[in-house]
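I have placed the structure first, in the form of structure tokens, so that the comments after it can refer back to it.
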Amino acid sequence: MEQIYSGKTKDVFLLDDGNYLLKFKDDVTGENGVFDPGSNSIGLTIEGIGNKGLRLTTLFFEYLNENGIKTHFIESDFENTTMKVKPASVFGKGLEVICRSKATGSFMRRYGEYATEGMDLNHFVEITLKDDDRLDPPINKEALNVLNILSNDEYEVLVKQTKDLTKLVEKKLAEFDIVLYDIKFEFGRDKKTNEIILIDEISGGNMRAYKDNEILEPMTLGDIVLGLI
């Protein structure tokens with residue numbers, strides 16, 4: 001097993017069978033010790049958040065697979081905090097796809113002159129480049145096409161899948177009276193089929209969700225959905 005990448009919240013290993021192993025860490029993104037899923041840096045370390053993130057990701061990936069959504073997920077090992085996944089190639093050097101159900105975070109920082117906190121956004125989809133040095137700049141359909149990162153047809157598939165995924169996540173969270181404000185996904189091309197599939201994770205670390213009008217920290221969100229509290 002060879003380590004090929006060390007990320008903010010996960011390490012990636014190449015397995016002998018050609019699949020990959022993701023090792024979840026106890027780090028989350030944020031600023032000055034405050035959790036922020038939109039941040040480009042590690043803000044704090046929370047003991048046990050890696051394992052809880054893996055358990056929540058497994059729950060969501062299994063749920064999505066049952067509902068016909070294709071992902072890179074194969075299996076998880078909770079004891080070792082790892083997830084085995086299918087190989088997939090990212091678009092360009094990586095894209096982040098954000099779906100916004102309600103206005104908050106960077107949306108308010110950019111458009112606060114026109115928006116109010118918590119206003120409905122009807123599953124507004126934004127795409128950003130994974131580029132820490134440039135603070136993950138937003139990119140539109142035309143730029144993705146002209147830079148040969150994503151074709152126009154692939155863009156439409158990506159947007160539709162993002163909205164479908166978000167609606168399914170919302171449905172699951174609603175079972176616990178949790179309201180999803182926004183969520184961040186990553187996609188890639190399945191190296192065997194070339195299909196666009198969901199990759200990375202779905203956990204409290206890449207979404208903003210509220211219960212009783214209070215934002216849920218990643219550990220609390222995991223505890224509620226996993227039935228631990």
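Observations
- Length-normalised contact order for the chain - Cα pairs under 8 Å, 6+ apart - percent: 19 percent
- Checking every one of the GluC sites (Glu not before Pro) in segment 88-195 against DSSP loop status and a limit of 15 other Cβ atoms within 10 Å picks out Glu113, Glu117, Glu175, Glu195.
- In loop segments of segment 59-144 as defined by DSSP, the chymotrypsin sites (Phe, Trp or Tyr not before Pro) with at most 15 further C-beta atoms inside 10 Å of their C-beta are Phe78, Tyr114.
- With all pairs of different C-alpha atoms in the average, the Kirkwood value for the hydrodynamic radius of the chain is 18.0 Å.
- Segment 81-190: trypsin sites (Lys or Arg not before Pro) falling in loop per DSSP and having at most 12 other Cβ within 10 Å: Lys93
- Under the membrane-span-like helix rule (DSSP H runs whose alpha carbons stretch at least 15 Å along the helix axis, mean Kyte-Doolittle hydropathy -1.0 or higher), the chain yields 49-66, 152-174.
- Area of Leu22 that stays accessible when all protein chains are in place (1.4 Å probe, Å², to 10): 10 Å²
- Rg over Rh for segment 137-229 works out to 1.06, both radii taken from alpha-carbon positions and Rh defined as the Kirkwood radius.
- The helix-based estimate of mean residue ellipticity at 222 nm for the chain, built from -39,500 (n - 2.57) per DSSP H run of four or more residues and divided by its residue count, is -8500 deg cm²/dmol to the nearest 500.
- Taking the centroid of alpha carbons for each part, segment 179-210 and segment 129-160 are 15 Å apart.
- Alpha-carbon geometry of segment 104-150: the Rg and the Dmax are 13.0, 36 Å, given in that order.
The values are calculated or read from the model by the stated rules, or taken from the named source; none is laboratory data. Quick caveat: nothing in here was measured; it's all calculated off a predicted structure. Neighbour counts are summed over all protein chains in view; Cβ atoms, including those assigned to glycine, are modelled from backbone coordinates with ideal geometry. Only protein heavy atoms, including side chains, enter the accessible area calculation; ligands, DNA and RNA are left aside. Shrake-Rupley method; radii C 1.70, N 1.55, O 1.52, S 1.80 Å.
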